[in-house]
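Okay, structure first, notes after.
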């Protein structure tokens, strides 16, 4: 097991395809929405193709996270290649987890381990969907960071090795478009070539509970900056978490796959 997975603002984010960077904000719930494919959908020709576990898909045949408030030990894994995803260890695969997400490496947190298998949190809908993947062909690491968002206090806290390193007042989802609660993780890092309101967008593995589609992407929740400081401390977003510049800079150093805990 290596010490840490790649950091959010590492080489992958800076070298992502220009087309992706130009539409980075369309991926998120702040400007994104795309009706994802559902598990079990059959393509033309009648042969069923397993859906990919990405932020664009809905996986209804897999179990949900039954302990969304539980703490993770920081173990994260990255598949070297696409791996099958099952509802139980040894059960038939109902999805596939690709080795990349949004032009970057896929790192997902481990919730449970059994001989030969890892239960991981997935980036698809519904929020909190999990699956079992074979332990072979995985790179394993540990993130020492933890990100917490308290929606009631509208406050973000970043800790490393159990020690708080920063806390900021943030803007969260409005009452009609709330930020979803529960356990999720840092999914990717996107740097728009022509940023309109944030130099960096950090999607997480959760989606808006009220917006199925918005502006052309899957409604993925994300951390991002905002040019107007007056929004911080308010519930005004489409579900994303708007953060001050210093918080965004700190979050950019957080490794992919790092657990994110969002509470009421």
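The values are calculated or read from the model by the stated rules, or taken from the named source; none is laboratory data. Owing to the predicted nature of the structure, the values given are computational and were not obtained by experimental measurement. Cβ atoms come from the backbone with ideal geometry, glycine included; neighbour counts cover every protein chain shown.
Some notes on this structure:
- Search result, residues across segment 97-115 that are in a loop (DSSP other than H, G, I, E, B) and farther than 14 Å from residue 79 by Cα: 102, 103, 115
- Residue among 181, 210 that alone is surrounded by fewer than 21 Cβ atoms within 10 Å (Cβ to Cβ), at pLDDT below 95 and in contact with a strand residue (DSSP E or B) (Cβ under 7 Å, 6 or more places away or on another chain): 210
- Filter pass, residue 132 being without any contact (Cβ under 8 Å) to a residue 60 or more places away in the chain and buried (at least 20 other Cβ atoms within 10 Å of the Cβ): yes
- Residue check for residue 165: surrounded by 21 or more Cβ atoms within 10 Å (Cβ to Cβ) and either in the same structural domain as residue 66 (by TED's automatic domain parsing) or more than 18 Å from the chain's Cα centre (by Cα) (or both): no
- Residue in segment 244-255 that is modelled with pLDDT of 95 or more and surrounded by 24 or more Cβ atoms within 10 Å (Cβ to Cβ) present: yes
- Residue pairs meeting the criteria (Cβ under 7 Å; at least 6 apart or on separate chains; first loosely packed, with under 13 Cβ neighbours inside 10 Å, in segment 40-61; second modelled with pLDDT of 50 or more): 41/51; 42/48; 43/49
- Filtered residues of segment 219-229 (kept if at pLDDT 95 or above and either outside the structural domain of residue 153 (by TED's automatic domain parsing) or more than 18 Å from residue 196 (Cβ to Cβ) (or both)): 221
- Annotation note: of 103, 71, the sole residue that is at pLDDT below 95 and touching a helix residue (DSSP H, G or I) at 6+ places or on another chain (Cβ under 6 Å) is 103.
- Unmet criterion (only one of (1) surrounded by 18 or more Cβ atoms within 10 Å (Cβ to Cβ); (2) in the same structural domain as residue 64 (by TED's automatic domain parsing); (3) part of a loop (DSSP other than H, G, I, E, B)) for residue 120: (3)
- Of the set (1) modelled with pLDDT under 95; (2) crowded, with 17+ Cβ neighbours inside 10 Å, all apply to residue 216 but (2).
- A single member of 191, 141 is farther than 17 Å from residue 262 by Cβ, out of contact with any strand residue (DSSP E or B) (no Cβ under 6 Å at 6 or more places or on another chain) and either in contact (Cβ under 8 Å) with a residue 24 or more places away in the chain or buried (at least 24 other Cβ atoms within 10 Å of the Cβ) (or both), and it is 191.
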